[in-house]
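Quick notes on the structure that follows.
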Amino acid sequence: MLSIVLLALTGAVSISAQTGPKIVLSNDDGWAVAHIRAQHTALAAAGYNVVLSCPALNQSGTGSSSRTPTVLTTPCEFDTCPVGSPATGFNASEPRLNYVNAFPVDAAKFGIETLAPQFFDGSKPDFVVSGPNVGSNLGLDTLFSGTVGAAAEAALEGIPSAAFSGATGDQLSYTTLTTSPTSANTEAALLYSALTVKVLAVLLASPAPVLPPGIVLNVNFPPAANCTSADAVQFVLTRIYYDLFARDVEACGSTRLPTESAVVALPGCFASVSVFHAATKLDANATMQAVVLGKLGSLLGCSGNSLVSQDRI
């Protein structure tokens with residue numbers, strides 16, 4: 001974790017070093033929160049070719065709302081840009097950090113349609129990472145989450161994507177990553193960033209296509225206090241909604257996956273991975289779940305399934 005803090009402090013990640021898979025990074029908490037800046041640093045440090053495109057202000061809970069970006073009538077969050085700033089803008093010292101004064105869906109679209117061609121030599125991104133969100137997005141929350149909405153929008157535009165959320169954290173400025181390097185919020189931001197990189201390393205190493213068209217992952221990380229390190233986290237394939245009649249992919253000896261809410265609530269260090277349709281934000285069927293199971297099989301475990309009842313909501 002210390003290395004990520006130092007990179008954030010010194011700016012040691014160079015743009016030229018970003019030669020790996022092309023990633024657009026978005027969220028709904030805003031472009032200047034600690035969680036998203038830690039994620040940007042972690043992705044760049046891992047060699048990804050990443051550009052950040054996030055709302056200028058906190059847009060949590062806005063789902064798939066959309067509007068035309070407008071000139072700012074209030075400052076960007078944490079006063080990172082002044083009143084009257086243009087509808088879209090970037091950090092003067094790091095042009096890969098971009099804001100969009102609109103909703104998360106609009107920020108994701110701007111990243112895909114405008115920033116990607118600019119930074120990726122005219123090509124589309126390979127993947128859209130939305131989050132990690134400050135706070136979990138479980139069950140019904142997925143319908144209203146802007147972080148989930150941004151990931152769904154990417155999939156609808158033909159770009160594979162995933163929404164990542166973490167149970168621990170507060171809406172704090174990215175400056176706390178260096179001013180409070182041992183705080184619970186910073187530790188959570190760094191843990192969730194490392195876990196996102198871990199998921200991507202497995203997912204993007206699999207044969208193309210990365211995910212079936214129109215299919216998105218909803219990944220929820222556990223409370224940071226439950227986990228000693230990123231290696232301690234156990235990933236479990238889950239579903240978003242309880243459904244007594246659903247027949248899921250066979251995993252861990254059962255055709256009924258536990259809900260993500262039940263898995264993340266377990267004592268210990270368990271993360272959930274759910275598979276959903278971008279158009280409806282409802283659970284995907286067993287066939288689509290099987291594709292994800294095949295791609296993430298080396299990451300997924302069964303211990304969480306054995307601890308939670310298959311009938312638990």
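The values are calculated or read from the model by the stated rules, or taken from the named source; none is laboratory data. As the structure is a computational prediction, the values presented were derived from the model and not from experiment. So basically every Cβ, Gly included, is an ideal-geometry build from the backbone, and we count neighbours across all protein chains shown.
Quick check on the range 90-113: of everything there that is in contact with a strand residue (DSSP E or B) (Cβ under 8 Å, 6 or more places away or on another chain) and without any contact (Cβ under 8 Å) to a residue 24 or more places away in the chain, which residue is surrounded by the most Cβ atoms within 10 Å (Cβ to Cβ)?
The extreme case among them is 90.
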- Task: Output yes when any residue across the range 170-192 is under 14 Å from the mean Cα position of the chain (by Cα), within 18 Å of residue 237 (Cβ to Cβ) and not in a loop (DSSP other than H, G, I, E, B), and no when none is.
- Result: no
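Report yes if residue 250 is charged (D, E, K, R) and either in contact with a Ser or Thr (Cβ under 7 Å, 6 or more places away or on another chain) or buried (at least 17 other Cβ atoms within 10 Å of the Cβ) (or both), otherwise no.
Against the criterion (charged (D, E, K, R) and either in contact with a Ser or Thr (Cβ under 7 Å, 6 or more places away or on another chain) or buried (at least 17 other Cβ atoms within 10 Å of the Cβ) (or both)), residue 250 does not qualify.
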- Query: So which of 217, 257 is under 18 Å from the mean Cα position of the chain (by Cα) and either buried (at least 22 other Cβ atoms within 10 Å of the Cβ) or at pLDDT 95 or above (or both)?
  - Reply: 217
- Applying the selection to the range 232-247, what residues are surrounded by 19 or more Cβ atoms within 10 Å (Cβ to Cβ) and more than 25 Å from residue 166 (Cβ to Cβ)? none
- Would you be able to say whether some residue in the range 162-173 is among the β-branched types (Val, Ile, Thr), surrounded by 21 or more Cβ atoms within 10 Å (Cβ to Cβ), within 25 Å of residue 292 (Cα to Cα) and touching a helix residue (DSSP H, G or I) at 6+ places or on another chain (Cβ under 7 Å)? no
- Query: Among the residues of the range 63-87, how many are buried (at least 20 other Cβ atoms within 10 Å of the Cβ) and over 30 Å from residue 138 (Cβ atoms)?
  - Reply: 1
- Checked pairs for the range 62-75, first on the phi > 0 side of the Ramachandran plot, second at pLDDT 95 or above and assigned to a loop (DSSP other than H, G, I, E, B), C-beta under 7 Å and 6 or more apart or across chains, list as 63/145
- Requiring at least 3 residues that are of a type in the set (S, T, N, Q), the helices (runs of 4 or more DSSP H) wholly within the range 221-313 are 303-307
- Scanning the range 9-50 residue by residue, the ones that are more than 25 Å from residue 137 (Cβ to Cβ) and either modelled with pLDDT under 95 or in a helix (DSSP H, G or I) (or both) total 13
